[in-house]
Amino acid sequence: MAMLEVKDLQVFYGMIQAIKGISFEVNEGEVIALIGANGAGKTTTLQTITGMLSAKAGHVIFEGQDITRIPGHKIVTMGMAHVPEGRRVFANLTVYENLKMGAYTRKDKDEIARNLEMVYKSFPRLEERKNQSAGTLSGGEQQMLAMGRALMSNPRIILMDEPSMGLSPIFVEEIFHIIEEISSKGTTVLLVEQNAKKALSIADRAYVLETGTIALSGDAKDLMSNEQIRKAYLGE
Amino acid sequence: MSFLSYLINGLSLGSVYAIIALGYTMVYGIAKMLNFAHGDVIMIGCYVVFTLMSQYGVHPGISILAAILICTCLGVVIEKIAYKPLRGANSLAVLITAIGVSYFLQNLALLIFGADTKSFTSVVNMPPLHLAGGKLTISAVTIVTVLSCIVIMIALMLFIRKTRAGQAMLAVSEDRDAAQLMGVNVNGTISLTFAIGSGLAAIAGILLCSAYPTLSPYTGAMPGIKAFTAAVFGGIGSIPGAFVGGLVLGIIEILGRAYISSQLSDAIVFAVLILVLLIKPTGLLGKPIQEKV
C-alpha cells in the first residue's frame, strides 16, 4: 500500500478548475518529484494535500486514512510536514523560535530537544544564527530554516514546494544535497520543483503536471532521457 | 499640585484607554481586522454590571465576573457570526460589517435598556487616598484602574511569551497559513483573541463607568474610538504600543481639557494622532513595514 495516495483529485479556484482529476502515489522511503511549468497546479496539489485548500472531488489518503476533509492544522500531527512555497518563515521571530514553532504540536520536551540537536547538525548555519530574527536571514538560510522547522514536527513524509526558488546556484546545490540527506534518514519526500533537471536527478519517480492533469509519469531516470521532457523541461 | 492631580487623572483615563486598546491591537494583529464594535462591547459590560448591581443587588465582584464572562462570550459569538464568514474577503467588507455590528449592539442596548442615561454606581467602594497633607486627593477608582492596567499588561505579555496559546497567537499574527502548517488551529486562535479582547473590554468599561458614572447605549462609542486612536498612536498590532499609546492619550486629553480648552480636548487628541502619524506612520512603537522580497 502506498504511503500517500491521491485519487482523482479536483480543485477549483472559484469557477476555474486548477486540478482536473489527478491521481498519483508516494511509497514509503521514496523521493517523488512533481514537475511542470508555472500554473500547472503543483503548488495547488500540495496545498490541497495538507488542507490549506479544499478539494472539490477526489481523495487524499495518507497511511490508509482518508485525510481529504481533515482540517489543515491536524494533518501535521499525523506525521506530514509541508515546507511552503516562498519559505514563509516567521520573520519577526528568532531562528530558534521558528524551530520551536515547528514542534508546536509535540509535547515531549526531551524529544523536541533531541530533534533540535539533529536539525542544528544538519543545518549548522541555523545554530550559528539561532538568536537572529528570521527576517534577517538570506534566502538560502530562510529555506534551510523552513526545512528545519518542518523537520521539527518529526514527520514521516515531508512535502516541499519549490525549495530552490530564487536561490543562488551554490545554495541550490546545498538544498538538494540536504533533501537527499533527509531522504537517506528515512523520511519520504514529495518534491515540487520548476528546476526539473535537479529534481529528476535526486528523485526515484516523477509525475509531470500540465495544466491540472498528469501528462507523464515514470522512473526519474527514464523521464530524464525522454525526448519530450528534455525539450519541454530540461531546455535541451 | 493641581497639575499632579490632572496628571493622575490622565493616567487613570489613559489606563482605561490602554485596556481597550489592547483588545483593538490584539484583534488587529491576529485577525488583521479593525473591530469597530469593540467599543460597544464595553457598553454591554457596563449594562450587565449596572443591571445586576442596581436592580438585583448582586455583589459588585460577582457582577464584574458576570460582565467579563458575558462580554467574552459576546466577543466570540460576534466573531463567529459576523466576521468568520468574511475570512478572506476584502478588508473593506470586514470594516463595514464591524461598523454594522457596532450599530447593532447600540440599538440592541437601546431596545433592552432604553434611551435614558443611567447613573452607574462605582464598583470600588473605598475611601480616597489623601496625600501631601490633604492637598492631593486620589480616588480609589483611580488607583484600582491604574493597577488593573499594569497587571493586565504584564499578564498579557507573560501569556504571549510563555504559553503555547500565546506562541500560536504570535505565529498567526505573522503568517496565518504558515501557522496552520505548524499545527496551529487558526480559527481557535482568532476566537481566543476575541475572547480575551472582549473580556478586557468589560473590565475597561466597568472602570470607566466607575470613574465617569453615566451609562447610555452610546457610552462605548467615544472611548472605543479614542482607544483605537491610542492603538494606532502606539503602533497598531503592538501590545506595549497600546499601553503607551493609551496612557499618553489619556494624559494629553486631561491636560488639554484643563489647560487649553475643555471643548477642544478631543480635537487636541486627534491632532496629536495626526502629527504622530505624519512623523512616524507606524506609530510610536510600531515596527517599520517590511518590504516582502
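Does A:Leu223 count as surrounded by 21 or more Cβ atoms within 10 Å (Cβ to Cβ) and either within 28 Å of A:Gln142 (Cβ to Cβ) or without any contact (Cβ under 8 Å) to a residue 40 or more places away in the chain (or both)?
Spelling it out, A:Leu223 is indeed surrounded by 21 or more Cβ atoms within 10 Å (Cβ to Cβ) and either within 28 Å of A:Gln142 (Cβ to Cβ) or without any contact (Cβ under 8 Å) to a residue 40 or more places away in the chain (or both).
Kindly evaluate A:Thr48 against the criterion of being more than 11 Å from chain B (Cβ to nearest Cβ), among the polar types (S, T, N, Q), buried (at least 23 other Cβ atoms within 10 Å of the Cβ) and within 14 Å of A:Val192 (Cβ to Cβ). Working first, answer last.
Values: more than 11 Å from chain B (Cβ to nearest Cβ): yes; among the polar types (S, T, N, Q): yes; buried (at least 23 other Cβ atoms within 10 Å of the Cβ): yes; within 14 Å of A:Val192 (Cβ to Cβ): yes.
Against the criterion (more than 11 Å from chain B (Cβ to nearest Cβ), among the polar types (S, T, N, Q), buried (at least 23 other Cβ atoms within 10 Å of the Cβ) and within 14 Å of A:Val192 (Cβ to Cβ)), A:Thr48 qualifies.
What's the total number of residues in segment A:168-217 that are farther than 29 Å from A:Gly21 by Cβ and in a loop (DSSP other than H, G, I, E, B)?
Total meeting the criteria: 3.
For a quick check of your reading: which helices (runs of 4 or more DSSP H) sit entirely within segment A:70-133 and have at least 2 residues that are within 14 Å of chain B (Cβ to nearest Cβ)?
Once the helices (runs of 4 or more DSSP H) in segment A:70-133 are filtered for at least 2 residues that are within 14 Å of chain B (Cβ to nearest Cβ), what remains is A:72-75, A:95-102, A:109-122.
Got a sec? Which of B:Ala201, B:Ala211, B:Ala221 is closer than 30 Å to B:His59 by Cβ, within 18 Å of the chain's Cα centre (by Cα) and modelled with pLDDT of 95 or more?
B:Ala201
Given the structure, is A:Met165 in contact (Cβ under 8 Å) with a residue 40 or more places away in the chain, part of a helix (DSSP H, G or I) and within 19 Å of A:Val89 (Cα to Cα)?
Against the criterion (in contact (Cβ under 8 Å) with a residue 40 or more places away in the chain, part of a helix (DSSP H, G or I) and within 19 Å of A:Val89 (Cα to Cα)), A:Met165 does not qualify.
Name every residue in segment B:183-223 that is farther than 20 Å from B:Leu156 by Cα, touching a Gly at 6+ places or on another chain (Cβ under 6 Å) and either among the hydrophobic types (A, V, I, L, M, F, W, C) or free of Cβ contacts under 8 Å to residues at least 24 places away in the same chain (or both), in order of residue number.
B:Ala221
Given (1) under 18 Å from A:Glu25 (Cα atoms); (2) crowded, with 16+ Cβ neighbours inside 10 Å; (3) polar (S, T, N, Q), where does A:Thr213 come up short, assuming only one miss?
(2)
Could you list all residues from segment B:142-169 that are farther than 15 Å from B:Leu22 by Cβ, crowded, with 19+ Cβ neighbours inside 10 Å and either within 14 Å of chain A (Cβ to nearest Cβ) or touching a Cys at 6+ places or on another chain (Cβ under 6 Å) (or both)?
Once the filter is applied, which keeps residues that are farther than 15 Å from B:Leu22 by Cβ, crowded, with 19+ Cβ neighbours inside 10 Å and either within 14 Å of chain A (Cβ to nearest Cβ) or touching a Cys at 6+ places or on another chain (Cβ under 6 Å) (or both), segment B:142-169 yields B:Gln167, B:Ala168.
Would you pick out the residues in segment B:184-212 that are facing chain A (nearest Cβ under 9 Å) and surrounded by 23 or more Cβ atoms within 10 Å (Cβ to Cβ)? I'd like the intermediate steps shown before the answer.
We begin by selecting, within segment B:184-212, every residue facing chain A (nearest Cβ under 9 Å); these are B:184-188.
Across segment B:184-212, the qualifying residue is only B:Val184.
Read through the list (1) within 14 Å of another protein chain (Cβ to nearest Cβ); (2) modelled with pLDDT under 95; (3) touching a helix residue (DSSP H, G or I) at 6+ places or on another chain (Cβ under 6 Å); (4) in a loop (DSSP other than H, G, I, E, B), then give the number of the only condition that A:Gly140 fails.
Every condition holds for A:Gly140 apart from (4).
With respect to B:Lys226, is the statement that it is charged (D, E, K, R) and more than 14 Å from chain A (Cβ to nearest Cβ) true?
yes
The values are calculated or read from the model by the stated rules, or taken from the named source; none is laboratory data. From a predicted model like this one, the values you see are computed outputs, not experimental measurements. Here the Cβ is made from the backbone with ideal geometry for all residues, glycine too, and neighbour counts use every protein chain on show.
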